[in-house]
1. Considering only DSSP beta bridges with both partners in the range 1-155, what is the antiparallel share in %, to the nearest 5?
2. Report ³J(HN,Hα) in whole Hz for each residue of the range 112-121, in order, from the Karplus equation J = 6.51 cos²θ - 1.76 cosθ + 1.60 where θ = phi - 60°; Gly and Pro get x.
3. When the solvent-accessible surface of protein heavy atoms is calculated with a 1.4 angstrom probe, in what order do Thr176, Thr52, Thr188 fall, highest first?
4. Treating cross-link reach as a plain straight distance, find the aspartates and glutamates whose alpha-carbon is under 15 Å from the alpha-carbon of Lys256, omitting any fewer than eight places away in the same chain.
5. Assuming a ≥ b ≥ c are the square roots of the Cα gyration tensor eigenvalues, decide whether the range 55-181 counts as rounded (a/c under 1.5), prolate (otherwise, with a/b larger than b/c) or oblate.
6. On the full set of protein chains, 1.4 Å probe, figure out the accessible area of Glu243 and give it in Å² to the nearest 10.
7. Using a 1.4 angstrom probe, figure out how much accessible area the range 99-162 has per residue, in square angstrom, rounded to the nearest whole.
8. Can you work out the FRET efficiency for the pair Asp12 and Asp108, with r the C-beta to C-beta distance and R0 = 56 Å, to the nearest 0.05?
Amino acid sequence: MLLTELLPDNADPDSVFDAFSSWTLERGLTLYPAQEEAVMELVSGANVILATPTGSGKSMVAIGAHFYAMSLGKRTYYTAPIKALVSEKFFALCEVFGAENVGMMTGDAAVNSSAPIICATAEIVANLALREGPNSDIGQVVMDEFHFYSEPDRGWAWQVPLIELPHAQFLLMSATLGEVDFFSEDLTRRTGKPTTVVSGTERPVPLMFSYATTPVGETIEDLVTTNQSPVYIVHFTQAAALERAQALTSVNFCSKEEKEAIAEALGGFPSPPGSERHSLAWSGTASAFTMLACCPSTDGSSKFSRRTDFSRSSAVPTPSASASTSRSARYCSPVSPSTTASAHGI
């Protein structure tokens, strides 16, 4: 069910929060306390600074913020520092609100730019704020990775909207913020709205780390076969990611049937640039441009989730985690006990 189908007839805070909570429960999820507090503050009209650890579900709070803005008939912007993240959030929000309600604006392209929810790089919103100021059609701004505020070269793009959009509601999110009293006081003074800080140090999704001297292929195979997947591999260049993806085709991550299903799932999609030079074997691996998860369902069959990602990474299929479980781990905790896969970055 699309979240827009639950929009209440009025913007009463209780009605909006109840509708949002009902939607999460229908998806088999329950909000963490920090998520619940943040969404409640947002639907009351307050600004929120969400300084909780990675894995605590800040993306779900952002969805609640967009939902509240839509209930008011206001346009809401989600901003992030890189186009890959903006693109990812665009597709994720399309699934939640419907493609007709979500647009995207970056320095390269604009998609459905008149939609009520816009995913944009931070500079786009900053330039809109500079050009139109308080007269801009921006009712709410969700700033992801807000710690970029202090970045010497690009920090201005996070600073300008706070100064030039006093009429907007703000949700500032980051897992690496320090003292935020200045932002809380300044936001309240500029917008005339109360500002709530929701913070915490406990990470709902456990984070493990270790060092290994074994070859990368052996390390990945060990993680997958011991149910520690999905595995996300970071590279310095796209060429290195493509080379790694090609090398992983010889490793047995999936059964023959699962590899065939992966190949079928990828059918019809264009190959990544340069793949014709590498003769990539798509079944059983993923390129720097494709993240693919192999997901056994409860009836024993395999399902696959695919997303296009132009980051410098490659990913390997996982035979142990469903896409819905992975999203649950990122957004909120399952209502009923279930096994969630831990994600490892290499």
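The values are calculated or read from the model by the stated rules, or taken from the named source; none is laboratory data. Everything quoted here is computed from the prediction, not taken from an experiment. With ideal geometry, Cβ positions are generated from the backbone for all residues, glycine too; neighbour counts draw on all protein chains shown. Accessible surface is based on the protein model in full, side chains and every heavy atom, while ligands, DNA and RNA are left aside. Shrake-Rupley method; radii C 1.70, N 1.55, O 1.52, S 1.80 Å.
1. Numbers: 2 of 15 bridges.
Antiparallel bridges: around 15 percent, rounded to the nearest 5.
2. So the J values, rounded to whole Hz, are 6, 5, 9, 5, x, 10, 10, 9, 8, 5.
3. Working: Thr176 95, Thr52 5, Thr188 55 Å².
Putting Thr176, Thr52, Thr188 in descending order of accessible area: Thr176, Thr188, Thr52.
4. Within the straight-line limit of under 15 Å, Lys256 reaches these aspartates and glutamates: Glu264.
5. Working: a/c = 1.35, a/b = 1.19, b/c = 1.14.
It comes out rounded by the Cα gyration axes.
6. Its accessible surface works out to 120 Å², give or take rounding.
7. Working: 2730 Å² over 64 residues.
Accessible area per residue, the range 99-162: 43 Å².
8. Details: r = 40 Å, r/R0 = 0.71.
The pair Asp12/Asp108 has a calculated efficiency of 0.90.
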